Structures are given as structure tokens and as C-alpha cells.
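The values are calculated or read from the model by the stated rules, or taken from the named source; none is laboratory data. All values derive from a computational prediction rather than experimental measurement. Using ideal geometry, Cβ is built from the backbone for each residue, glycine included, and neighbour counts are taken over all protein chains shown.
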Amino acid sequence: MDTIFALASAPGKAGIAIIRISGSAAISVVEKITQSELNGPIPKLRVIYDVDGNFIDQALILTFQAPNSFTGENVAELHLHGSSAVVSSIIDLLNNIKGLRLAEAGEFTRRSLDNGKIDLAQVEGLADLIDAETSAQHKQAAKVFSGALGTKTKEWRQTLIKAAALLVATIDFSDEEVPEEVTSEVETLINKVLTELDKEIVGVQTAERIRAGFEVAIVGAPNLGKSTLLNFLVGREAAITSNIDGTTRDIIEVKFDLRGLPVTILDTAGIRETVDEIEEVGISRALERSSLCDLRIVLSEDGKHPPGLVQRETDIVCIAKDDDGKRGGVSGKTGAGVDDLKHNIWAYFINQTQDVGVATRERHRVSMVDAKHFLKNAVVLLKDGPEYYDVTAEEIRAATHALDSLIGRIGIENVLDEVFSSFCLGK
């Protein structure tokens, strides 16, 4: 494979910039541009020279001999001074060395996957780890990147292989001293995996929300302080406020970190009867969009839902404009009741996160649902007796095959482009 290189740190002026090189020629290339030998993995301080022997920069050089590197290949890292001019000079220098080329987006991680250093689920975890903005996102991504889903999948696989082996042994060695009736033991093994699959499947939807962010809509009649409340919640003037009814016509979305949870707050048009066509469109959008949110804050003067808004059990209904805090409501003007409101929102979502396991993506859910389908077929066939053990074993193998796709053992080519599309060049 080609030896590749790319800037692995963020572009722009910084204290340090890192250029990563991976491939069979990685270490020899660095020896060439530093005009020195790099013996062993100990970090070394070296001068980097251009083709004419002129000084470019002094850098800390780290080397990793294959297979003991992130990609499984020879890897070298140049820790440079973070000047844009220095980085450009080094990139140009490497680009003109025969056998080297600039890495494609995610190519370092792709090589790590191809060389068996990480599995596909860990690749997804790494992408989420890079994108994490809150502690909940970081915790979830770190769990997947550490290999938790791979470990769990291997446990399921071993359990199912044992179940299939019991059936096959009964078929192939019926004349030997093996148990003739293994239905009970096999069913116990299958049900153990089914129970764990059910738990993981339930948690995927919440895991998706942790990655993308929970959505909370502020709804209510016009001029009840919805925009003012949004501004107070997120700590900045994100929405225009005024005393004129119907100021908000479109939906305003603002992301913020709520005690480690990623939350997007939506400010919506005031809900009322109107003859204004533009306002009517805004109200229609408010009703539709808020119906899709995870939670709604309903501002009201009397503790009731405005006409046209269908009530949901999860709605948090608040008395609006309770500036002095004497009515148990909330005020975006003075902040009265806002801390309690934040706590209630956080408590609702943190309770949802209790269901999250190690599977975090829709792709994971689909694979687990497929495996569950085959295992349920196997349980039904088991009840028909030993004469159906061969068919039952095939259903168990099909379930194992479906689970293998979780970590990229099989059938992953159609998802790789999507998985790697979010990676930068240096990763």
C-alpha cells in the first residue's frame, strides 16, 4: 500500500502541529528529511531540512514500528511548531517525495480497520469521540471506541456457537455417548442472548439522541415570553424578543450543554387563531415540529394547553412570566423558576439514558433485530424435536452471521463509505 501523510491536528496557527505518516516507507522518509537515523521508538528532537538542505523547523519525532501502531503499519509523527508556513513547507516537502501521497479522509482509520487493529463499531465510536461536545456524548463514544460492543458481540457469538455445536453433536454423533436431548440447554442459551438483544435494541434510540442531541420545544400562545425563556436557558441572545404578538414566525434552534447532556432548544411561533398567512405558516410549523420533539415546555397563563396543541403526558406545563416567582411558574426575564425547569428537563432525559447499552446506531439495531428474528425461529423449531435440529442449527448460524456484521466481520462494504465520510484527512 502507498505511504500516506496528512496534518493530524487542527489547521491554523497553534503551539504545536502534528503531521502523521503511515506506510512501509514512513520511518525511512523521516530519516531522509531529518538527515539522521531513527533507532528505536524513543522520541527524538530533529531538524527537518528542505531538498536544498535548508532549515525548515525543529521537531519532535515519534516512530511506531509495525504492527505496534494505530494503523498496524510503520508510523511516524512530526510534532512541529504550529505555524501555517511551517506546516505548508513540510506538506510540500512530503508531497514531492516519490512513493508518498496525501491521505484521503479517514484513510488512517480505514487502514487500522483493514489491518485488524480495530473493528467497525470502534471506527464509529472514534468518529463520535472526535465529534463529542458534552460529557454524555464523550462517555458513550469512549465506551464504543474501547471495544465494548465488540466484546459483547463476541460473547453472544460464543454462546450461539455452543448452542449450535450441541445440536450438531447430537446429529453427527448419535451413536456415541452424547446427550440425545439437548433442547432445554440450547433453549436456555438462545434465550440468554435474546434477552440481552432486547435490552440493547431498546437503548439504541436513546443512544442516537445522545449523539444528535435531545430536542425540547418551547410552545404556547403569543407574547408569553417563549423567546426570552430560550435566551435565558442558553445564556445568550439567540432569539429576537419584543412585546409585539407574533414576533417569532419561524423555528429557532439553539444547542447547549445541560449538565453534560446535549440538548437543542426550539423557540416556536405563538399558537393562536390568525388571518395572517405568514403567521399561519409559522404556527403550522410550530405544531408539526414540536410534535416530533422529545419534550415540550408549554408556557401558559392558566396552566392549560393552548387550543390546537394536543396534550402529551410528558409535557412540562409552566405558568408564564412569573417574574417574582410567586405563582410557581417560570420567567425568562428574572430567571425565576428556571433552575427547577432545567432540573426537570435534565431528570427526564437522564432517566431515558438508563436504557442505553453498548449499541448506539441504527445499523447496530438492524443487525440485532435480524439476529433476533433467526433466534426466535430457532426456538420455535426446537419445540419440534431432534429431527429438526439441523434446521435449528442453521437458524442459529444465520443469527451469528447477522451479529458478525455489527463489528465488521462480514457484509460491511456497503456501509464503509458512509462511516468514513465524517472523518478528516489526518484521521
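Kindly list the number of the only condition in (1) free of Cβ contacts under 8 Å to residues at least 40 places away in the same chain; (2) within 19 Å of residue 109 (Cα to Cα); (3) of a type in the set (Asp, Glu) that fails for residue 2.
(1)
Okay, residues lined up against (1) in contact with a Leu (Cβ under 6 Å, 6 or more places away or on another chain); (2) in the same structural domain as residue 154 (by TED's automatic domain parsing); (3) within 29 Å of residue 304 (Cα to Cα):
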| residue | (1), (2), (3) |
| --- | --- |
| 183 | yes, yes, no |
| 186 | yes, yes, no |
| 200 | no, yes, no |
| 208 | no, yes, no |
| 215 | no, yes, yes |
| 220 | yes, yes, yes |
| 225 | no, yes, yes |
| 228 | no, yes, yes |
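Give the residue that is modelled with the highest pLDDT, with candidates limited to residues of region 261-307 that are exposed (fewer than 15 other Cβ atoms within 10 Å of the Cβ) and small (Gly, Ala, Ser).
291
Any chance region 18-27 includes a residue that's of a type in the set (A, V, I, L, M, F, W, C), assigned to a strand (DSSP E or B) and touching a His at 6+ places or on another chain (Cβ under 6 Å)? Give the derivation first.
Filtering region 18-27 for residues of a type in the set (A, V, I, L, M, F, W, C) gives 18-19, 21, 25-27.
Subsequent filtering for residues that are assigned to a strand (DSSP E or B) retains 18-19, 21.
When the remaining residues are screened for being touching a His at 6+ places or on another chain (Cβ under 6 Å), the result is 18.
The answer is yes, given that some residue of region 18-27 is of a type in the set (A, V, I, L, M, F, W, C), assigned to a strand (DSSP E or B) and touching a His at 6+ places or on another chain (Cβ under 6 Å).
Say we look at region 28-61 and pick out the residues that are over 19 Å from residue 89 (Cα atoms) and touching a residue at least 24 places away in the same chain (Cβ under 8 Å); which of these is farthest from the chain's Cα centre (by Cα)?
Of everything passing the filter in region 28-61, 38 is farthest from the chain's Cα centre (by Cα).
Take residue 248 and tell me if it is out of contact with any strand residue (DSSP E or B) (no Cβ under 8 Å at 6 or more places or on another chain) and either modelled with pLDDT of 90 or more or assigned by TED's automatic domain parsing to the domain that holds residue 134 (or both).
Details: out of contact with any strand residue (DSSP E or B) (no Cβ under 8 Å at 6 or more places or on another chain): no; either modelled with pLDDT of 90 or more or assigned by TED's automatic domain parsing to the domain that holds residue 134 (or both): yes.
It is false that residue 248 is out of contact with any strand residue (DSSP E or B) (no Cβ under 8 Å at 6 or more places or on another chain) and either modelled with pLDDT of 90 or more or assigned by TED's automatic domain parsing to the domain that holds residue 134 (or both).
May I ask you to list the residues in region 205-223 that are assigned to a loop (DSSP other than H, G, I, E, B) and over 24 Å from residue 129 (Cα atoms)? Spell out the reasoning first.
The first filter runs over region 205-223 and keeps only residues assigned to a loop (DSSP other than H, G, I, E, B), leaving 213, 221-223.
Hits for region 205-223 are 221, 222, 223.
Could you please give the count of residues in region 151-183 that are touching a helix residue (DSSP H, G or I) at 6+ places or on another chain (Cβ under 9 Å), at pLDDT 75 or above and farther than 24 Å from residue 408 by Cα?
Residues that pass the stated criteria total 6.
Out of (1) more than 26 Å from residue 131 (Cα to Cα); (2) of a type in the set (A, V, I, L, M); (3) touching a strand residue (DSSP E or B) at 6+ places or on another chain (Cβ under 8 Å), what's the single condition that is false for residue 266?
(1)
Any residue in region 103-117 that's among the basic types (Lys, Arg): show its pairings with residues that are modelled with pLDDT under 90 and part of a helix (DSSP H, G or I) at Cβ separation under 7 Å, as long as the two are six or more apart or on different chains.
From residues that are among the basic types (Lys, Arg), the pairs are 110/420.
Since residue 410 meets every condition but one in (1) modelled with pLDDT of 85 or more; (2) touching an Asp or Glu at 6+ places or on another chain (Cβ under 6 Å), which condition does it not meet?
Unmet for residue 410, out of (1) modelled with pLDDT of 85 or more; (2) touching an Asp or Glu at 6+ places or on another chain (Cβ under 6 Å): (1).
State which residue pairs qualify: first residue part of a loop (DSSP other than H, G, I, E, B) and inside region 332-356, second residue of a type in the set (Ser, Thr, Tyr) and surrounded by 15 or more Cβ atoms within 10 Å (Cβ to Cβ) in any location, beta carbons under 6 Å apart, and separation of 6 or more residues or different chains.
Close Cβ pairs satisfying both conditions: 332/228; 333/228; 356/206.
So residue 110 passes all but one of these: (1) assigned by TED's automatic domain parsing to the domain that holds residue 364; (2) part of a helix (DSSP H, G or I); (3) not aromatic (Phe, Trp, Tyr). Which condition number does it fail?
In the conditions (1) assigned by TED's automatic domain parsing to the domain that holds residue 364; (2) part of a helix (DSSP H, G or I); (3) not aromatic (Phe, Trp, Tyr), residue 110 misses (1) alone.
What pairs can you find where one residue is in region 398-409 and touching a residue at least 60 places away in the same chain (Cβ under 8 Å), the other is surrounded by fewer than 17 Cβ atoms within 10 Å (Cβ to Cβ), and their Cβ atoms are less than 6 Å apart, with a gap of 6+ or different chains?
Here the result reads 404/410, each pair linking region 398-409 to a residue that is surrounded by fewer than 17 Cβ atoms within 10 Å (Cβ to Cβ).
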